[in-house]
1. If you build the Cα gyration tensor of the chain and take the root of 5 times each eigenvalue, what three semi-axes come out, in whole angstrom, biggest first?
2. If you take the alpha carbon radius of gyration of the stretch 9-103 and divide it by 2.2 N^0.38 Å, what ratio comes out, to two decimals?
3. Only residues of the stretch 4-30 count here: report those whose backbone N is under 16 Å from the spot 7 Å along Cα→Cβ of Ala95, or say none.
4. So how strong a dipole does the chain carry about its Cα centre when Lys and Arg Cβ are +1 and Asp and Glu Cβ are -1, to the nearest 20 debye?
5. Could you pull out every residue, at least 5 positions away or on a different chain, whose amide H is within less than 5 Å of the one on Ala90? Hs are placed 1.01 Å off N in the peptide plane, and Pro or chain starts have none.
6. Report the gain in length on full extension from Asp160 to Arg111: 0.36 nm times residue separation, minus Cα-Cα distance, nm rounded to one decimal.
7. How high is the relative contact order of the chain? Use alpha-carbon pairs under 8 Å, at least six apart in sequence, and give a whole percent.
8. For the chain, what does the accessible surface come to per residue with a 1.4 Å probe? Please give it in Å².
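The values are calculated or read from the model by the stated rules, or taken from the named source; none is laboratory data. Given the structure is predicted, the values throughout are model-derived calculations rather than measurements. Using ideal geometry, Cβ is built from the backbone for each residue, glycine included, and neighbour counts are taken over all protein chains shown. Heads up: the accessible areas ignore ligands, DNA and RNA and are worked out on the full protein's heavy atoms, side chains in. Shrake-Rupley method; radii C 1.70, N 1.55, O 1.52, S 1.80 Å.
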Amino acid sequence: MAVYTEVTDEALRLFLAEYDLGELLAFRGIAEGVENSNFALKTSNGDFILTLYEKRVDPAELPWFLGLMRHLGAQGLSCPLPVAGRDGVALRELAGRPAAICTFLPGVWPRRVRQEHCAPLGAALATLHAAGEGFRAERPNTLGPRAWTPLLERCRGGGDALQPGLIAELDGHLSGILRDWPCGLPRGHIHADLFPDNVFFLGTGRGSPVVSGLIDFYFACTDFLAYDLAICLNAWCFEPDLAFNVTKARAMISAYNALRPLTPEELDALPVLCRGSAIRFLLTRLYDWTHTPPGALVTRKDPLEYLKRLRFHAQARDVAAYGL
Ligand SMILES: Nc1ncnc2c1ncn2[C@@H]1O[C@H](COP(=O)(O)OP(=O)(O)OP(=O)(O)O)[C@@H](O)[C@H]1O
Ligand SMILES: N[C@@H](CCO)C(=O)O
């Protein structure tokens, strides 16, 4: 569930009085998501999403995230657009939390990723990277390589309880990843969490699915563009039994490459970028696994799914392992 903070009718009424959104018709909490509290809001002007930002999001960074979404939207990317109140301010406070209303995007995210989703996803990622150009302010990747050693340290106590020998195996992987990590690759603003639940599609029937929008930019940052592709390869191209689907990978990379050709250096670096992205999600999941109190309402995600991905990338010799 992801409604951590309750909003009373009276608090909502006072909050909405700051906007020109028409009459409130419906309001309900959204169960999906793990980071923030999200509510669907229907008014006589249309559908919106109200987000209350919870503790994982640094309030000081919210103007950057909302500014990036505004910039991407102005470049034609379909993403949530922050809605300003009558005073021109989009970031406000509700129930003691920073809060913003954004536009609602149509479509549904794929519960089961098919090969047909992967080329549109690759194209959408390249479009996002192009749209990010011109947004001047940068945000360092706070979950990038420099964060991984301290994260692993904080999991040392509980990691082996999940799987004996896990921490020693991760020590080995991490030192190799940090040793091989590239420098000087093309940089830009990346989504950094473009999992299937953050990509909406229309046309889920027999025809080719079409991306209708991207959501959840609260891990976005400025980093290697190809690292975003590596995150997507991990999130989209492994089957439920965690076998790598090279056909999906080829479709995704080719569609990306058709819009933003990857440099030889990026292609060479793809295996280590995939190893890095796998250990990043493994470590944040392991941290949550070992630090979430029993009985908490959040569904913890399985860190070991990412160990299997990491092992796959560790044996990949070069980009040929990804179908190129
Ligand atoms: N702009 C939007 N338009 C339509 N639905 C949205 C929008 N934003 C969020 N949602 C709905 O709310 C759900 C949760 O949103 P989101 O993934 O941003 O939450 P989160 O708690 O930040 O999640 P995560 O765990 O992915 O970091 C989505 O799956 C979707 O159903
Ligand atoms: N996409 C992340 C969750 C937080 O956004 C994961 O699957 O670990």
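1. Semi-axis lengths for the chain are 33, 24, 18 Å.
2. Cα Rg divided by the expected 2.2 N^0.38 Å: 1.04.
3. It comes to 4-16, 26-30, nothing else.
4. 540
5. Those lying under 5 Å, H to H, from Ala90 are Gly85.
6. Values: separation 49, 0.36 × 49 = 17.64 nm, distance 3.11 nm.
Using 0.36 nm per residue and subtracting the Cα-Cα distance, I get 14.5 nm.
7. Dividing the mean separation by the residue count of the chain yields 17 percent.
8. Accessible area per residue: 46 Å².
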